[in-house]
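These notes concern the structure reproduced below.
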Amino acid sequence: MTHSVLVAYASRHGSTRAIADRIAATLRECSVDATVLPIDQVRDVDGYDGYVIGSAVYAMRWLGEARSFVRSHRATLRRHPVWLFSSGPLSTDAKDAEGAAPRDAASLVTEVGARDHVIFGGAYDREAPPIGLMERFMSVMPAARDALPNGDFRDWHAIDTWATGVAGELELALVKS
Ligand SMILES: Cc1cc2nc3c(=O)[nH]c(=O)nc-3n(C[C@H](O)[C@H](O)[C@H](O)COP(=O)(O)O)c2cc1C
């Protein structure tokens, strides 16, 4: 039987959306029926066998819509296998990644009994039009803006490996239940 997974994500500039799309594509390669949606477009959270939920990290937190989604659907999510991912660190150095880790991730993991929370490197384009107050501020304060490393730090191999692991764990979890 084909298992279904909702991959829901929160992204400001699109790099987390591409990670979510890639996770969904890898799940499909593993014969999982993956639906990928921006978190604020999820109308019906019920009816999936498992959930992968991810957010970009800004100022050491998940985006508000992702935090609200997890909290408001925790009763449903707790009854199913859940995996969380964050997309953020503008570095491939694990130490930098630790320093910029989302502060709320541990509580979100506990809230839904997530099986894993992984942090993937993110991407930042200094020339992209600013979104939100913080970025507008940064756009007029070049010193602040230029303090952020520019570039794409997403590790597609790590993302594929993780998503393949999710497919395997999902299969095991559903066979046991
Ligand atoms: C203003 C600003 C603040 C950021 N703060 C963090 C942070 O605290 N921790 C982190 O890991 N990454 C941080 N980042 C990096 C973003 O998480 C990264 O660019 C991510 O890939 C953006 O995802 P998106 O394109 O889906 O919006 C920040 C980026 C910006 C522009």
Quiz item: Tally time: how many residues in the stretch 144-177 are small (Gly, Ala, Ser), farther than 20 Å from GLY88 by Cα and part of a helix (DSSP H, G or I)?
Solution: 4
Quiz item: Any idea which residue in the stretch 126-163 is nearest to the ligand (Cβ to nearest atom), counting only those that are surrounded by 15 or more Cβ atoms within 10 Å (Cβ to Cβ) and within 30 Å of HIS80 (Cβ to Cβ)?
Solution: ARG154
Quiz item: Tally time: how many residues in the stretch 83-105 are part of a loop (DSSP other than H, G, I, E, B), more than 10 Å from the ligand (Cβ to nearest atom) and among the charged types (D, E, K, R)?
Solution: 2
Quiz item: Does the stretch 90-102 include one or more residues that are hydroxyl-bearing (Ser, Thr, Tyr) and modelled with pLDDT under 95?
Solution: yes
Practice problem: Looking only at the stretch 50-58, decide whether some residue is more than 11 Å from the ligand (Cβ to nearest atom) and more than 12 Å from the chain's Cα centre (by Cα). | Solution: yes
Quiz item: Is there a residue being within 15 Å of the ligand (Cβ to nearest atom), of a type outside the set (S, T, N, Q) and modelled with pLDDT under 90 anywhere in the stretch 108-125?
Solution: no
Quiz prompt | Check on PHE69, within 18 Å of ARG12 (Cβ to Cβ) and away from the ligand (no atom under 12 Å from the Cβ) | solution = yes
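The values are calculated or read from the model by the stated rules, or taken from the named source; none is laboratory data. Everything numeric here is computed off the predicted structure, so don't read it as measured data. Cβ sites come from the backbone with ideal geometry, for glycine too, and all protein chains shown count toward neighbours.
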